[in-house]
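**Student:** Shown below is the structure under consideration.
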Amino acid sequence: MIKKQRNKPCWCGSGIKYKKCHLQREQELKVPAYKIHNDFKNSLKHKECKVPNELKHKCSNKIIKAHTISKSANLKSIARDGKVYGMNFNMLDIEGDSNPVQLELIHINQASIFYIFCSIHDKVLFAPLEDAEFIFSQEQIFLLSYRTVAKAMYMKEQQVKLFSENVSTYDKGFTNKFQHSYIQAISHMFSDEESQLSDIRRIKKTFDNDLLVSRYDNMKYYCILIDKVPEVMVSGILNPDRDFDGNILVDYVNDPTKEYNAIVTSIIKIEDNGAIIFSWNSSIESHECDIFIQSLHNLNNEDKINAITCLLLKKNKENLYFSPSWYEGLDSNKKKLIDESYVADEYINHTDEEVEELLNSDMTLLPSYFKNLDRSSQKKLLNSIPIKDDDISDFEEYDLFNWKILDIKIEA
Ligand SMILES: [Zn+2]
Ligand SMILES: [Zn+2]
């Protein structure tokens with residue numbers, strides 16, 4: 001009987017036999033912090049040219065470090081001694097008090113680089129963007145967005161791979177009870193990651209189809225031109241799930257299968273000025289993008305800049321680079337606002353009463369696996385989920401930049 005159990009698939013859902021998976025996990029050696037750190041770092045060393053399959057026969061065999069924010073045009077302009085401030089991920093301190101996510105000085109050769117294009121495609125594909133003056137052509141807007149979408153897909157793919165290959169073994173050496181709540185928690189996160197991956201793959205596919213026929217007129221954008229070289233450079237992607245008035249634009253609960261579009265955010269330098277660009281491919285249904293942009297457009301000009309700053313710090317911080325002299329020159333309150341946004345994911349310890357209260361309230365929104373857990377596992381799980389502050393309507397205090405709006409260009 002026991003032998004039979006041992007040969008059954010493990011309860012954790014790994015698909016591996018129990019005897020080779022969780023059978024003696026509490027007696028195994030704990031995974032050391034440096035191993036976890038290296039797993040995360042190595043996951044971004046995977047090299048692959050992200051052009052559509054139809055173009056892969058033209059790839060060179062060299063995958064290069066591709067900058068998702070143009071190095072010469074943008075990063076150099078804000079660097080000091082070749083360095084900028086950006087987010088770094090340091091898991092070595094995971095058992096200490098410091099946050100694994102930190103704002104650190106990063107060399108621009110290392111900033112915003114990903115192994116996502118071969119040397120030929122990085123050069124040829126993006127030449128109209130990199131080697132020409134930025135004139136807001138549809139093609140340039142397309143390429144700027146395409147590179148960010150390709151990066152976002154790569155990141156998501158690597159995260160999902162990391163989850164399935166490594167993260168599921170980090171419960172080695174912990175008690176049986178812990179293993180159960182740990183696996184529950186990560187399978188929940190994992191299913192989120194997987195659905196985000198399928199979203200971004202769908203969006204990338206739409207861009208690929210347009211790229212193959214050089215069709216750029218599906219691109220919509222909203223661009224704010226500012227009067228100086230921005231002290232921050234950005235290339236990121238965001239889901240317009242809330243607008244600037246605080247309205248929620250998505251309905252994941254009642255309409256879980258609905259597919260949403262994403263908006264690419266870029267801040268670039270154009271000669272002595274800057275441009276904040278929101279762009280999206282309108283061949284995907286983009287109702288939420290329209291509402292989101294309209295709510296930005298309705299704000300007065302000063303509020304627009306503060307609202308965008310709030311948005312970037314809450315939702316785009318992983319590919320955000322600051323000028324060191326600007327950041328270090330901020331007064332302590334403004335600096336604190338930035339620093340805190342990097343540790344904003346709060347882990348809240350719930351009291352038994354709070355858990356009780358939550359469970360006695362409306363449970364319909366909670367996933368069924370959660371409802372079936374025992375109280376202590378529920379509590380552990382609740383405490384392991386960071387609370388994200390993603391309300392972008394309270395932007396008044398985000399007056400970090402002294403930018404004047406020169407013009408607004410709209411293709412929507
Ligand atoms: Zn297992
Ligand atoms: Zn290639």
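The values are calculated or read from the model by the stated rules, or taken from the named source; none is laboratory data. Just so we're clear, the structure is a prediction, and the values are computed from it rather than from any experiment. With ideal geometry, Cβ positions are generated from the backbone for all residues, glycine too; neighbour counts draw on all protein chains shown.
**Student:** Taking MET153 as the residue in question, decide whether it is at pLDDT 90 or above, closer than 30 Å to CYS12 by Cβ and buried (at least 16 other Cβ atoms within 10 Å of the Cβ).
**Tutor:** yes
**Student:** Before we move on, is ASP208 among the charged types (D, E, K, R) and modelled with pLDDT of 95 or more?
**Tutor:** It is true that ASP208 is among the charged types (D, E, K, R) and modelled with pLDDT of 95 or more.
**Student:** For a quick check of your reading: which strands (runs of 3 or more DSSP E) sit entirely within the range 248-327 and have at least 3 residues that are not hydrophobic (A, V, I, L, M, F, W, C)?
**Tutor:** Fully inside the range 248-327 and qualifying: 263-270, 273-281.
**Student:** Is there any pair with a first residue in the range 37-58 that is closer than 22 Å to LEU125 by Cα and modelled with pLDDT of 85 or more and a second that is loosely packed, with under 14 Cβ neighbours inside 10 Å and charged (D, E, K, R) whose Cβ atoms are under 7 Å apart and which are 6 or more apart or on different chains, and what are they?
**Tutor:** What qualifies is CYS49/LYS56.
**Student:** On the given criteria, is ILE141 touching a Ser or Thr at 6+ places or on another chain (Cβ under 7 Å) and either surrounded by fewer than 17 Cβ atoms within 10 Å (Cβ to Cβ) or assigned by TED's automatic domain parsing to the domain that holds ILE237 (or both)?
**Tutor:** yes
**Student:** Tell me which residues, restricted to the range 28-39, are loosely packed, with under 12 Cβ neighbours inside 10 Å and of a type in the set (A, V, I, L, M).
**Tutor:** LEU29
**Student:** Go over the candidates LYS19, LYS71, LYS62 one by one and state the one that is touching a strand residue (DSSP E or B) at 6+ places or on another chain (Cβ under 7 Å), without any contact (Cβ under 8 Å) to a residue 60 or more places away in the chain and on the phi < 0 side of the Ramachandran plot.
**Tutor:** LYS62
**Student:** Return yes or no: is GLU157 farther than 28 Å from VAL84 by Cβ, part of a helix (DSSP H, G or I) and either in the same structural domain as LYS50 (by TED's automatic domain parsing) or of a type outside the set (Asp, Glu) (or both)?
**Tutor:** No, not satisfied.
**Student:** Another one. Got a number for residues in the range 320-342 being in contact with a Pro (Cβ under 9 Å, 6 or more places away or on another chain) and at pLDDT below 95?
**Tutor:** 0
**Student:** Kindly indicate which of ALA132, ALA152 is more than 16 Å from ligand 1 (Cβ to nearest atom) and within 15 Å of the chain's Cα centre (by Cα).
**Tutor:** ALA152
**Student:** Taking the range 120-154, which residues are assigned to a helix (DSSP H, G or I) and without any contact (Cβ under 8 Å) to a residue 60 or more places away in the chain?
**Tutor:** Selection gives ASP122, LYS123, VAL124, ALA127, PRO128, LEU129, GLN140, LEU143.
Conditions tested, residue by residue: (1) aliphatic (A, V, I, L, M); (2) surrounded by fewer than 18 Cβ atoms within 10 Å (Cβ to Cβ); (3) more than 16 Å from ligand 1 (Cβ to nearest atom); (4) within 19 Å of the chain's Cα centre (by Cα).
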{"position": "LYS19", "(1), (2), (3), (4)": "no, yes, no, no"}
{"position": "GLU26", "(1), (2), (3), (4)": "no, yes, no, no"}
{"position": "LYS41", "(1), (2), (3), (4)": "no, yes, yes, yes"}
{"position": "HIS46", "(1), (2), (3), (4)": "no, yes, yes, yes"}
{"position": "LYS58", "(1), (2), (3), (4)": "no, yes, yes, no"}
{"position": "ILE63", "(1), (2), (3), (4)": "yes, no, yes, no"}
{"position": "ILE69", "(1), (2), (3), (4)": "yes, no, yes, yes"}
{"position": "LEU75", "(1), (2), (3), (4)": "yes, no, yes, no"}
{"position": "ALA79", "(1), (2), (3), (4)": "yes, no, yes, no"}
